[in-house]
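The values are calculated or read from the model by the stated rules, or taken from the named source; none is laboratory data. Keep in mind that this is a model prediction, so the values were computed, not measured. A quick note on method: Cβ atoms are made from the backbone with ideal geometry, for glycine too, and the neighbour counts reach across all protein chains shown.
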(Lines give C-alpha, C1' and ligand atoms only; values in the text may rest on other atoms or scores of the structure.)
Protein backbone atom coordinates (compact mmCIF):
# COMPACT_ATOMS: atom_id res chain seq x y z
CA UNK A 1 0.00 0.00 0.00
CA UNK A 2 1.17 3.50 -0.80
CA UNK A 3 2.56 5.31 2.23
CA UNK A 4 2.52 9.10 1.86
CA UNK A 5 4.99 9.46 4.71
CA UNK A 6 7.59 7.23 3.06
CA UNK A 7 9.81 9.43 0.93
CA UNK A 8 11.11 6.47 -1.04
CA UNK A 9 7.72 6.25 -2.77
CA UNK A 10 8.33 9.71 -4.20
CA UNK A 11 12.04 9.54 -4.90
CA UNK A 12 11.93 6.29 -6.85
CA UNK A 13 10.24 7.98 -9.81
CA UNK A 14 11.77 11.38 -9.14
CA UNK A 15 13.86 11.72 -12.28
CA UNK A 16 11.21 10.25 -14.57
CA UNK A 17 8.57 12.61 -13.21
CA UNK A 18 10.77 15.67 -13.66
CA UNK A 19 11.69 14.53 -17.18
CA UNK A 20 7.98 14.33 -17.93
CA UNK A 21 7.42 17.72 -16.35
CA UNK A 22 10.03 19.46 -18.48
CA UNK A 23 9.07 17.52 -21.61
CA UNK A 24 5.39 18.34 -21.26
CA UNK A 25 6.08 21.92 -20.25
CA UNK A 26 7.54 22.63 -23.68
CA UNK A 27 4.25 21.63 -25.32
CA UNK A 28 2.03 23.75 -23.10
CA UNK A 29 0.83 27.10 -24.27
CA UNK A 30 2.35 29.84 -22.13
CA UNK A 31 0.43 33.09 -21.67
CA UNK A 32 -3.03 31.65 -22.33
CA UNK A 33 -5.66 30.05 -20.17
CA UNK A 34 -5.59 26.77 -22.05
CA UNK A 35 -5.06 23.67 -19.96
CA UNK A 36 -4.28 20.49 -21.89
CA UNK A 37 -4.79 17.50 -19.65
CA UNK A 38 -3.56 15.05 -22.25
CA UNK A 39 -0.09 16.58 -22.32
CA UNK A 40 0.27 17.52 -18.66
CA UNK A 41 -0.10 14.34 -16.69
CA UNK A 42 2.47 13.07 -14.23
CA UNK A 43 2.59 9.82 -12.35
CA UNK A 44 1.26 11.43 -9.16
CA UNK A 45 -0.37 8.35 -7.64
CA UNK A 46 -3.56 10.40 -7.43
CA UNK A 47 -5.78 7.42 -6.79
CA UNK A 48 -3.78 6.62 -3.67
CA UNK A 49 -3.24 10.22 -2.60
CA UNK A 50 -6.17 12.33 -3.83
CA UNK A 51 -6.03 16.11 -3.93
CA UNK A 52 -9.02 18.41 -3.56
CA UNK A 53 -10.20 20.46 -6.52
CA UNK A 54 -11.55 23.97 -6.38
CA UNK A 55 -15.28 23.76 -7.04
CA UNK A 56 -17.06 27.10 -6.92
CA UNK A 57 -20.46 25.44 -7.36
CA UNK A 58 -19.99 22.93 -4.56
CA UNK A 59 -22.48 23.05 -1.71
CA UNK A 60 -20.24 20.99 0.55
CA UNK A 61 -19.93 22.11 4.17
CA UNK A 62 -16.57 20.45 4.67
CA UNK A 63 -14.43 22.48 7.07
CA UNK A 64 -11.62 20.07 7.86
CA UNK A 65 -10.28 17.80 5.15
CA UNK A 66 -7.41 16.37 3.12
CA UNK A 67 -5.31 14.48 5.62
CA UNK A 68 -3.22 11.43 4.74
CA UNK A 69 -5.65 8.74 5.87
CA UNK A 70 -6.91 6.73 2.90
CA UNK A 71 -9.94 5.06 4.47
CA UNK A 72 -13.57 6.07 4.60
CA UNK A 73 -15.33 5.99 7.93
CA UNK A 74 -18.03 3.35 8.34
CA UNK A 75 -20.32 6.23 9.26
CA UNK A 76 -22.63 7.15 6.39
CA UNK A 77 -22.58 10.95 5.96
CA UNK A 78 -25.39 10.77 3.40
CA UNK A 79 -27.82 9.22 5.85
CA UNK A 80 -30.13 11.94 7.14
CA UNK A 81 -31.08 9.77 10.08
CA UNK A 82 -27.64 10.29 11.60
CA UNK A 83 -28.77 13.46 13.40
CA UNK A 84 -28.93 13.52 17.17
CA UNK A 85 -26.48 10.62 17.42
CA UNK A 86 -25.45 10.00 21.02
CA UNK A 87 -23.27 7.27 22.46
CA UNK A 88 -20.84 6.35 25.24
CA UNK A 89 -17.19 6.87 24.36
CA UNK A 90 -13.90 7.03 26.25
CA UNK A 91 -12.32 10.49 26.15
CA UNK A 92 -8.82 11.72 26.98
CA UNK A 93 -8.06 15.28 27.96
CA UNK A 94 -5.46 16.72 25.60
CA UNK A 95 -3.42 18.10 28.51
CA UNK A 96 -3.10 14.82 30.41
CA UNK A 97 -1.52 12.07 28.39
CA UNK A 98 2.12 12.31 27.36
CA UNK A 99 3.69 11.72 23.97
CA UNK A 100 3.72 8.00 24.61
CA UNK A 101 -0.06 8.11 24.38
CA UNK A 102 -0.19 10.05 21.12
CA UNK A 103 0.08 7.01 18.88
CA UNK A 104 -2.59 4.38 18.37
CA UNK A 105 -4.05 3.05 21.63
CA UNK A 106 -3.08 -0.42 22.73
CA UNK A 107 -5.56 -3.25 22.88
CA UNK A 108 -4.96 -3.39 26.61
CA UNK A 109 -5.99 0.23 26.99
CA UNK A 110 -9.18 -0.33 25.05
CA UNK A 111 -9.95 -3.48 26.98
CA UNK A 112 -9.31 -1.62 30.24
CA UNK A 113 -11.96 0.88 29.23
CA UNK A 114 -14.33 -1.99 28.56
CA UNK A 115 -13.91 -3.22 32.12
CA UNK A 116 -14.92 0.25 33.31
CA UNK A 117 -18.27 -0.23 31.57
CA UNK A 118 -17.42 2.24 28.83
CA UNK A 119 -18.68 1.27 25.39
CA UNK A 120 -15.82 1.80 22.90
CA UNK A 121 -17.24 1.92 19.40
CA UNK A 122 -17.53 4.22 16.43
CA UNK A 123 -20.02 7.08 16.50
CA UNK A 124 -22.99 5.73 14.64
CA UNK A 125 -26.72 6.02 14.22
CA UNK A 126 -28.59 5.67 17.50
CA UNK A 127 -32.15 6.45 18.58
CA UNK A 128 -32.69 10.18 19.12
CA UNK A 129 -32.31 11.88 22.48
CA UNK A 130 -29.68 9.52 23.82
CA UNK A 131 -26.41 10.64 25.34
CA UNK A 132 -22.76 10.17 24.39
CA UNK A 133 -21.17 9.69 27.79
CA UNK A 134 -17.40 10.04 27.65
CA UNK A 135 -15.00 9.37 30.47
CA UNK A 136 -12.52 12.26 30.72
CA UNK A 137 -9.36 11.73 32.80
CA UNK A 138 -8.28 14.57 35.04
CA UNK A 139 -4.68 15.36 35.94
CA UNK A 140 -3.36 14.24 39.32
CA UNK A 141 -0.09 14.68 41.16
CA UNK A 142 1.14 11.33 39.92
CA UNK A 143 3.69 11.31 37.09
CA UNK A 144 2.20 8.17 35.58
CA UNK A 145 -0.19 8.84 32.67
CA UNK A 146 -2.29 5.87 33.71
CA UNK A 147 -2.67 7.05 37.28
CA UNK A 148 -3.66 10.50 36.02
CA UNK A 149 -6.82 9.16 34.48
CA UNK A 150 -9.34 10.01 37.15
CA UNK A 151 -12.48 10.12 35.11
CA UNK A 152 -15.52 12.30 34.87
CA UNK A 153 -18.37 11.95 32.44
CA UNK A 154 -18.78 14.29 29.50
CA UNK A 155 -21.85 13.79 27.33
CA UNK A 156 -22.10 14.78 23.68
CA UNK A 157 -25.04 14.75 21.32
CA UNK A 158 -24.10 14.70 17.64
CA UNK A 159 -26.07 17.28 15.69
CA UNK A 160 -24.99 16.73 12.09
CA UNK A 161 -22.08 15.91 9.80
CA UNK A 162 -20.24 19.08 8.77
CA UNK A 163 -17.32 17.52 6.91
CA UNK A 164 -16.31 14.23 5.31
CA UNK A 165 -13.59 13.05 2.99
CA UNK A 166 -10.67 10.66 2.68
CA UNK A 167 -9.70 11.46 6.29
CA UNK A 168 -13.04 10.39 7.81
CA UNK A 169 -15.88 12.47 9.22
CA UNK A 170 -16.35 15.69 11.19
CA UNK A 171 -19.43 16.00 13.41
CA UNK A 172 -21.03 19.03 14.94
CA UNK A 173 -21.84 18.07 18.52
CA UNK A 174 -23.18 19.57 21.72
CA UNK A 175 -21.80 19.12 25.24
CA UNK A 176 -24.85 18.09 27.24
CA UNK A 177 -23.57 19.42 30.56
CA UNK A 178 -22.67 22.92 29.35
CA UNK A 179 -24.45 23.39 26.03
CA UNK A 180 -21.11 24.11 24.33
CA UNK A 181 -20.97 23.36 20.61
CA UNK A 182 -17.87 21.46 19.45
CA UNK A 183 -16.58 19.71 16.34
CA UNK A 184 -15.52 16.05 16.58
CA UNK A 185 -13.11 14.87 13.90
CA UNK A 186 -13.05 11.08 13.59
CA UNK A 187 -10.06 9.51 11.80
CA UNK A 188 -9.25 5.85 11.25
CA UNK A 189 -5.86 4.91 12.68
CA UNK A 190 -3.52 2.76 10.58
CA UNK A 191 -0.84 1.22 12.77
CA UNK A 192 1.55 0.99 9.82
CA UNK A 193 1.66 4.76 9.33
CA UNK A 194 2.51 7.52 11.75
CA UNK A 195 -0.34 9.90 12.51
CA UNK A 196 1.19 13.10 13.80
CA UNK A 197 -1.98 15.16 14.07
CA UNK A 198 -2.71 14.43 17.72
CA UNK A 199 0.94 14.70 18.72
CA UNK A 200 1.18 18.10 17.01
CA UNK A 201 -2.10 19.49 18.29
CA UNK A 202 -1.29 18.63 21.90
CA UNK A 203 1.64 21.05 21.74
CA UNK A 204 -0.34 24.00 20.32
CA UNK A 205 -2.00 26.89 22.12
CA UNK A 206 -2.57 30.10 20.18
CA UNK A 207 -5.52 32.42 19.48
CA UNK A 208 -5.23 31.69 15.75
CA UNK A 209 -4.99 27.89 16.05
CA UNK A 210 -8.12 25.78 16.47
CA UNK A 211 -8.19 24.44 20.04
CA UNK A 212 -7.99 20.73 20.81
CA UNK A 213 -10.24 20.30 23.84
CA UNK A 214 -9.70 16.58 24.33
CA UNK A 215 -9.64 13.33 22.38
CA UNK A 216 -10.75 9.73 22.62
CA UNK A 217 -10.35 6.44 20.78
CA UNK A 218 -13.19 4.26 19.55
CA UNK A 219 -13.58 0.93 17.79
CA UNK A 220 -15.25 0.42 14.42
CA UNK A 221 -18.86 -0.67 14.58
CA UNK A 222 -18.41 -3.06 11.66
CA UNK A 223 -14.84 -4.15 12.31
CA UNK A 224 -13.85 -4.22 16.00
CA UNK A 225 -10.19 -4.28 14.98
CA UNK A 226 -10.51 -0.81 13.51
CA UNK A 227 -9.47 1.96 15.88
CA UNK A 228 -10.55 5.57 15.39
CA UNK A 229 -9.02 8.70 16.85
CA UNK A 230 -11.66 11.29 17.73
CA UNK A 231 -10.44 14.86 18.16
CA UNK A 232 -12.82 17.14 20.07
CA UNK A 233 -12.17 20.63 18.70
CA UNK A 234 -13.59 24.07 19.25
CA UNK A 235 -16.28 24.84 16.70
CA UNK A 236 -15.72 27.75 14.33
CA UNK A 237 -18.68 28.31 11.99
CA UNK A 238 -17.18 29.31 8.64
CA UNK A 239 -14.15 29.00 6.37
CA UNK A 240 -12.22 31.42 4.19
CA UNK A 241 -13.33 29.34 1.21
CA UNK A 242 -17.06 29.77 1.87
CA UNK A 243 -16.63 33.37 2.97
CA UNK A 244 -14.88 34.26 -0.29
CA UNK A 245 -17.34 32.33 -2.44
CA UNK A 246 -20.23 34.21 -0.88
CA UNK A 247 -18.83 37.46 -2.28
CA UNK A 248 -17.98 35.86 -5.62
CA UNK A 249 -21.54 34.58 -6.03
CA UNK A 250 -22.77 38.14 -5.68
CA UNK A 251 -20.25 39.49 -8.23
CA UNK A 252 -18.36 41.30 -5.52
CA UNK A 253 -15.00 41.13 -3.76
CA UNK A 254 -13.97 40.51 -0.18
CA UNK A 255 -13.47 43.96 1.43
CA UNK A 256 -9.81 44.81 1.84
CA UNK A 257 -10.18 45.20 5.60
CA UNK A 258 -11.03 41.47 5.73
CA UNK A 259 -8.14 40.57 3.42
CA UNK A 260 -5.78 42.40 5.76
CA UNK A 261 -7.32 40.96 8.91
CA UNK A 262 -7.36 37.34 7.70
CA UNK A 263 -3.86 37.38 6.19
CA UNK A 264 -2.47 39.03 9.33
CA UNK A 265 -3.95 36.29 11.53
CA UNK A 266 -2.87 33.55 9.12
CA UNK A 267 0.69 34.84 9.31
CA UNK A 268 0.46 34.87 13.10
CA UNK A 269 -0.65 31.25 13.12
CA UNK A 270 2.31 30.06 11.04
CA UNK A 271 4.73 32.24 13.00
CA UNK A 272 3.67 30.33 16.08
CA UNK A 273 3.90 26.83 14.63
CA UNK A 274 7.17 27.63 12.85
CA UNK A 275 8.62 28.79 16.18
CA UNK A 276 8.04 25.19 17.31
CA UNK A 277 9.64 23.81 14.15
CA UNK A 278 6.25 22.63 12.85
CA UNK A 279 5.33 23.05 9.20
CA UNK A 280 1.60 22.82 8.40
CA UNK A 281 2.03 21.70 4.75
CA UNK A 282 -1.62 22.11 3.78
CA UNK A 283 -2.59 25.76 4.15
CA UNK A 284 -5.60 26.54 1.98
CA UNK A 285 -8.91 28.41 2.37
CA UNK A 286 -10.77 25.25 3.44
CA UNK A 287 -8.38 24.84 6.39
CA UNK A 288 -8.79 28.42 7.60
CA UNK A 289 -11.77 28.63 9.93
CA UNK A 290 -13.30 32.02 10.62
CA UNK A 291 -16.01 33.57 12.72
CA UNK A 292 -17.63 35.97 10.23
CA UNK A 293 -19.04 38.11 13.06
CA UNK A 294 -15.84 38.72 15.03
CA UNK A 295 -13.36 38.27 12.18
CA UNK A 296 -11.29 35.75 14.17
CA UNK A 297 -9.34 33.25 12.05
CA UNK A 298 -8.15 29.82 13.20
CA UNK A 299 -5.80 27.48 11.34
CA UNK A 300 -7.01 23.87 11.44
CA UNK A 301 -6.33 20.38 10.06
CA UNK A 302 -2.85 19.34 11.12
CA UNK A 303 -3.08 15.95 9.40
CA UNK A 304 -0.16 16.85 7.12
CA UNK A 305 1.79 18.84 9.70
CA UNK A 306 5.27 17.74 10.67
CA UNK A 307 8.12 18.97 12.81
CA UNK A 308 10.82 19.43 10.18
CA UNK A 309 14.37 18.53 11.10
CA UNK A 310 17.43 19.70 9.21
CA UNK A 311 18.93 16.95 7.08
CA UNK A 312 15.87 14.73 7.36
CA UNK A 313 14.09 14.09 4.03
CA UNK A 314 10.41 14.91 3.73
CA UNK A 315 7.74 13.80 1.28
CA UNK A 316 7.45 16.24 -1.63
CA UNK A 317 3.98 15.27 -2.81
CA UNK A 318 2.22 17.23 -0.11
CA UNK A 319 -0.10 20.25 0.12
CA UNK A 320 -3.15 20.85 -2.08
CA UNK A 321 -2.11 21.69 -5.61
CA UNK A 322 -3.25 25.31 -5.94
CA UNK A 323 -1.28 26.23 -2.82
CA UNK A 324 1.75 24.00 -3.39
CA UNK A 325 5.12 25.75 -3.31
CA UNK A 326 7.25 25.41 -6.48
CA UNK A 327 10.05 23.55 -4.65
CA UNK A 328 7.48 20.83 -3.94
CA UNK A 329 6.55 20.72 -7.62
CA UNK A 330 10.28 20.35 -8.30
CA UNK A 331 10.13 17.37 -5.92
CA UNK A 332 12.48 18.70 -3.29
CA UNK A 333 12.66 16.60 -0.14
CA UNK A 334 14.88 19.11 1.69
CA UNK A 335 12.36 21.95 1.95
CA UNK A 336 11.59 24.00 5.04
CA UNK A 337 8.72 25.97 6.57
CA UNK A 338 8.89 28.47 3.70
CA UNK A 339 6.42 26.22 1.85
CA UNK A 340 3.77 27.58 4.24
CA UNK A 341 4.75 31.15 3.37
CA UNK A 342 4.10 30.42 -0.30
CA UNK A 343 0.68 28.99 0.58
CA UNK A 344 -0.11 32.17 2.54
CA UNK A 345 0.65 34.21 -0.58
CA UNK A 346 -1.72 32.02 -2.58
CA UNK A 347 -4.47 32.49 0.00
CA UNK A 348 -3.94 36.25 -0.05
CA UNK A 349 -4.22 36.27 -3.83
CA UNK A 350 -7.42 34.24 -3.67
CA UNK A 351 -8.96 36.61 -1.13
CA UNK A 352 -8.23 39.49 -3.48
CA UNK A 353 -9.34 37.77 -6.70
CA UNK A 354 -12.25 35.68 -5.46
CA UNK A 355 -10.74 32.57 -7.08
CA UNK A 356 -7.42 30.68 -6.82
CA UNK A 357 -4.41 32.58 -8.11
CA UNK A 358 -2.80 29.52 -9.74
CA UNK A 359 -5.29 26.92 -11.03
CA UNK A 360 -3.27 24.07 -12.49
CA UNK A 361 -4.84 20.80 -13.62
CA UNK A 362 -1.73 18.80 -12.72
CA UNK A 363 1.71 19.38 -11.28
CA UNK A 364 2.97 20.31 -14.74
CA UNK A 365 0.12 22.68 -15.35
CA UNK A 366 0.45 24.14 -11.86
CA UNK A 367 4.02 25.15 -12.65
CA UNK A 368 2.84 26.61 -15.96
CA UNK A 369 0.22 28.72 -14.17
CA UNK A 370 2.85 30.00 -11.75
CA UNK A 371 5.25 30.87 -14.58
CA UNK A 372 2.49 32.74 -16.42
CA UNK A 373 2.41 35.18 -13.51
CA UNK A 374 5.94 35.14 -12.07
CA UNK A 375 7.84 34.44 -15.27
CA UNK A 376 10.43 31.73 -15.83
CA UNK A 377 12.51 30.90 -12.75
CA UNK A 378 16.18 31.77 -13.05
CA UNK A 379 18.92 29.17 -12.77
CA UNK A 380 19.60 30.39 -9.24
CA UNK A 381 15.90 30.04 -8.39
CA UNK A 382 15.89 26.45 -9.61
CA UNK A 383 19.10 25.77 -7.69
CA UNK A 384 17.39 27.03 -4.53
CA UNK A 385 14.30 24.89 -5.14
CA UNK A 386 16.06 21.67 -6.15
CA UNK A 387 19.71 21.65 -7.17
CA UNK A 388 19.25 18.41 -9.11
CA UNK A 389 17.40 20.15 -11.94
CA UNK A 390 19.46 23.22 -12.80
CA UNK A 391 20.38 21.84 -16.23
CA UNK A 392 16.80 21.73 -17.49
CA UNK A 393 15.95 24.48 -19.96
CA UNK A 394 12.67 26.35 -19.70
CA UNK A 395 11.14 28.63 -22.32
CA UNK A 396 11.80 32.22 -21.31
CA UNK A 397 8.54 33.81 -20.21
CA UNK A 398 8.31 37.35 -18.91
CA UNK A 399 6.37 37.93 -15.69
CA UNK A 400 2.80 39.15 -15.98
CA UNK A 401 2.48 42.51 -14.19
CA UNK A 402 0.45 42.26 -11.01
CA UNK A 403 -1.65 45.25 -12.02
CA UNK A 404 -2.97 43.07 -14.84
CA UNK A 405 -3.57 40.12 -12.53
CA UNK A 406 -5.59 42.32 -10.16
CA UNK A 407 -7.02 44.69 -12.80
CA UNK A 408 -10.67 43.84 -12.11
CA UNK A 409 -10.12 44.04 -8.38
CA UNK A 410 -8.47 47.45 -8.73
CA UNK A 411 -11.37 48.81 -10.79
CA UNK A 412 -13.78 47.57 -8.12
CA UNK A 413 -11.72 49.31 -5.43
CA UNK A 414 -11.76 52.55 -7.43
CA UNK A 415 -15.54 52.46 -7.84
CA UNK A 416 -16.04 51.76 -4.14
CA UNK A 417 -13.63 54.50 -3.14
CA UNK A 418 -15.22 57.08 -5.41
CA UNK A 419 -18.73 56.25 -4.23
CA UNK A 420 -17.81 56.32 -0.54
CA UNK A 421 -15.41 59.23 -0.87
CA UNK A 422 -18.07 61.36 -2.52
CA UNK A 423 -20.48 60.71 0.35
CA UNK A 424 -18.04 61.01 3.22
CA UNK A 425 -16.16 64.07 1.99
CA UNK A 426 -19.34 66.10 2.49
CA UNK A 427 -18.55 65.88 6.19
CA UNK A 428 -14.90 66.87 5.76
CA UNK A 429 -11.75 64.88 6.29
CA UNK A 430 -8.00 65.09 6.75
CA UNK A 431 -5.24 63.53 4.67
CA UNK A 432 -2.66 61.11 6.09
CA UNK A 433 0.99 61.14 5.06
CA UNK A 434 0.71 57.49 3.98
CA UNK A 435 -1.85 58.28 1.32
CA UNK A 436 -4.98 57.57 3.35
CA UNK A 437 -7.78 59.82 4.47
CA UNK A 438 -9.45 59.90 7.87
CA UNK A 439 -13.07 60.67 7.15
CA UNK A 440 -15.46 62.22 9.62
CA UNK A 441 -18.10 59.90 8.24
CA UNK A 442 -17.93 56.10 8.03
CA UNK A 443 -15.90 54.72 5.17
CA UNK A 444 -16.59 51.60 3.10
CA UNK A 445 -14.91 49.40 5.69
CA UNK A 446 -16.90 50.88 8.53
CA UNK A 447 -13.64 52.12 10.01
CA UNK A 448 -13.69 55.77 9.11
CA UNK A 449 -10.37 55.18 7.31
CA UNK A 450 -9.96 55.18 3.56
CA UNK A 451 -6.76 54.64 1.63
CA UNK A 452 -6.74 55.57 -2.01
CA UNK A 453 -6.94 52.46 -4.20
CA UNK A 454 -3.59 52.99 -5.92
CA UNK A 455 -1.69 53.15 -2.62
CA UNK A 456 -3.61 50.23 -1.16
CA UNK A 457 -3.06 48.09 -4.25
CA UNK A 458 0.64 48.97 -4.34
CA UNK A 459 0.99 47.78 -0.75
CA UNK A 460 -0.90 44.56 -1.53
CA UNK A 461 1.20 43.82 -4.62
CA UNK A 462 4.43 44.50 -2.74
CA UNK A 463 3.50 42.07 0.03
CA UNK A 464 2.25 39.29 -2.23
CA UNK A 465 5.40 39.66 -4.35
CA UNK A 466 7.52 39.11 -1.24
CA UNK A 467 5.46 36.08 -0.21
CA UNK A 468 5.52 34.45 -3.66
CA UNK A 469 9.22 34.16 -4.42
CA UNK A 470 10.59 31.11 -6.23
CA UNK A 471 13.62 31.03 -3.93
CA UNK A 472 12.40 29.93 -0.48
CA UNK A 473 15.16 31.96 1.18
CA UNK A 474 13.91 35.15 -0.49
CA UNK A 475 10.35 34.83 0.81
CA UNK A 476 9.62 37.38 3.48
CA UNK A 477 9.74 35.95 7.03
CA UNK A 478 6.15 35.85 8.34
CA UNK A 479 6.97 37.93 11.42
CA UNK A 480 8.60 40.61 9.29
CA UNK A 481 5.56 40.57 7.01
CA UNK A 482 3.36 41.73 9.89
CA UNK A 483 5.22 45.07 9.85
CA UNK A 484 4.33 45.63 6.20
CA UNK A 485 2.37 48.84 5.47
CA UNK A 486 -0.36 46.70 3.89
CA UNK A 487 -1.56 46.06 7.47
CA UNK A 488 -1.35 49.67 8.65
CA UNK A 489 -5.13 50.07 8.63
CA UNK A 490 -5.36 47.40 11.34
CA UNK A 491 -3.12 49.52 13.57
CA UNK A 492 -5.35 52.61 13.48
CA UNK A 493 -7.27 53.17 16.76
CA UNK A 494 -10.99 52.59 16.47
CA UNK A 495 -10.91 50.62 13.23
CA UNK A 496 -14.07 48.57 12.79
CA UNK A 497 -15.20 45.79 10.50
CA UNK A 498 -17.90 46.42 7.86
CA UNK A 499 -20.46 44.96 10.30
CA UNK A 500 -19.53 47.61 12.87
CA UNK A 501 -17.67 45.18 15.15
CA UNK A 502 -14.21 46.06 16.51
CA UNK A 503 -11.13 44.09 15.50
CA UNK A 504 -10.48 40.90 17.50
CA UNK A 505 -9.02 41.77 20.94
CA UNK A 506 -6.24 39.18 20.54
CA UNK A 507 -5.01 40.63 17.24
CA UNK A 508 -1.95 42.32 18.74
CA UNK A 509 -1.45 40.14 21.82
CA UNK A 510 1.92 38.57 21.05
CA UNK A 511 4.03 36.21 23.12
CA UNK A 512 7.78 36.63 23.50
CA UNK A 513 8.13 33.36 21.60
CA UNK A 514 6.50 35.00 18.58
CA UNK A 515 8.62 38.14 18.79
CA UNK A 516 11.72 35.96 18.97
CA UNK A 517 10.98 35.05 15.34
CA UNK A 518 11.70 38.62 14.24
CA UNK A 519 14.85 38.76 12.12
CA UNK A 520 14.87 42.53 12.58
CA UNK A 521 13.90 43.41 16.18
CA UNK A 522 13.38 47.04 15.19
CA UNK A 523 10.26 45.97 13.30
CA UNK A 524 8.46 45.31 16.58
CA UNK A 525 7.44 48.96 16.84
CA UNK A 526 6.04 48.79 13.31
CA UNK A 527 3.95 45.70 14.08
CA UNK A 528 2.25 47.00 17.22
CA UNK A 529 -0.12 49.98 17.19
CA UNK A 530 1.35 53.02 18.90
CA UNK A 531 -1.48 52.92 21.43
CA UNK A 532 -0.22 49.63 22.92
CA UNK A 533 3.55 50.05 22.51
CA UNK A 534 5.56 50.09 25.74
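Quick look at the numbers
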{"quantity": "Only one of 309, 284 that is surrounded by fewer than 20 Cβ atoms within 10 Å (Cβ to Cβ), out of contact with any strand residue (DSSP E or B) (no Cβ under 6 Å at 6 or more places or on another chain) and touching a residue at least 12 places away in the same chain (Cβ under 8 Å)", "calculated": "309"}
{"quantity": "Test for residue 304: is it over 20 Å from residue 161 (Cβ atoms) and buried (at least 21 other Cβ atoms within 10 Å of the Cβ)", "calculated": "yes"}
{"quantity": "Candidate set from the range 370-382 (those that are part of a helix (DSSP H, G or I) and in contact with a helix residue (DSSP H, G or I) (Cβ under 9 Å, 6 or more places away or on another chain)); member that is farthest from residue 407 (Cα to Cα)", "calculated": "382"}
{"quantity": "Flag for residue 346 being crowded, with 24+ Cβ neighbours inside 10 Å, assigned by the TED database to the domain that holds residue 263, under 18 Å from the mean Cα position of the chain (by Cα) and in a helix (DSSP H, G or I)", "calculated": "yes"}
{"quantity": "Tally of residues being within 13 Å of the chain's Cα centre (by Cα) and farther than 21 Å from residue 359 by Cα across the range 302-324", "calculated": "4"}
{"quantity": "Filter result for the condition that a residue is at pLDDT below 95 and more than 24 Å from the chain's Cα centre (by Cα), over 458, 516, 534", "calculated": "534"}
{"quantity": "Failed item in (1) in a loop (DSSP other than H, G, I, E, B); (2) touching a residue at least 60 places away in the same chain (Cβ under 8 Å); (3) surrounded by 22 or more Cβ atoms within 10 Å (Cβ to Cβ), with residue 274 passing the rest", "calculated": "(1)"}
{"quantity": "Lone qualifier among 352, 413 - being at pLDDT below 95, assigned by the TED database to the domain that holds residue 327, crowded, with 20+ Cβ neighbours inside 10 Å and part of a helix (DSSP H, G or I)", "calculated": "413"}
{"quantity": "Only listed residue being out of contact with any helix residue (DSSP H, G or I) (no Cβ under 8 Å at 6 or more places or on another chain) and more than 26 Å from residue 407 (Cβ to Cβ), chosen from 298, 334", "calculated": "334"}
{"quantity": "Single match in 357, 328 (criterion: in a loop (DSSP other than H, G, I, E, B) and either modelled with pLDDT of 95 or more or farther than 22 Å from residue 478 by Cβ (or both))", "calculated": "357"}
{"quantity": "All helices (runs of 4 or more DSSP H) inside the range 473-534 with 3 or more residues being crowded, with 19+ Cβ neighbours inside 10 Å and at negative phi", "calculated": "478-481"}
{"quantity": "Per-region count, the range 181-196, residues part of a loop (DSSP other than H, G, I, E, B), in contact with a strand residue (DSSP E or B) (Cβ under 7 Å, 6 or more places away or on another chain) and surrounded by fewer than 21 Cβ atoms within 10 Å (Cβ to Cβ)", "calculated": "1"}
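Per-residue answers, yes or no, for (1) modelled with pLDDT of 95 or more; (2) part of a loop (DSSP other than H, G, I, E, B); (3) surrounded by fewer than 23 Cβ atoms within 10 Å (Cβ to Cβ):
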site: 199; (1), (2), (3): no, no, yes
site: 207; (1), (2), (3): yes, yes, yes
site: 230; (1), (2), (3): no, no, no
site: 236; (1), (2), (3): yes, yes, yes
site: 242; (1), (2), (3): yes, no, yes
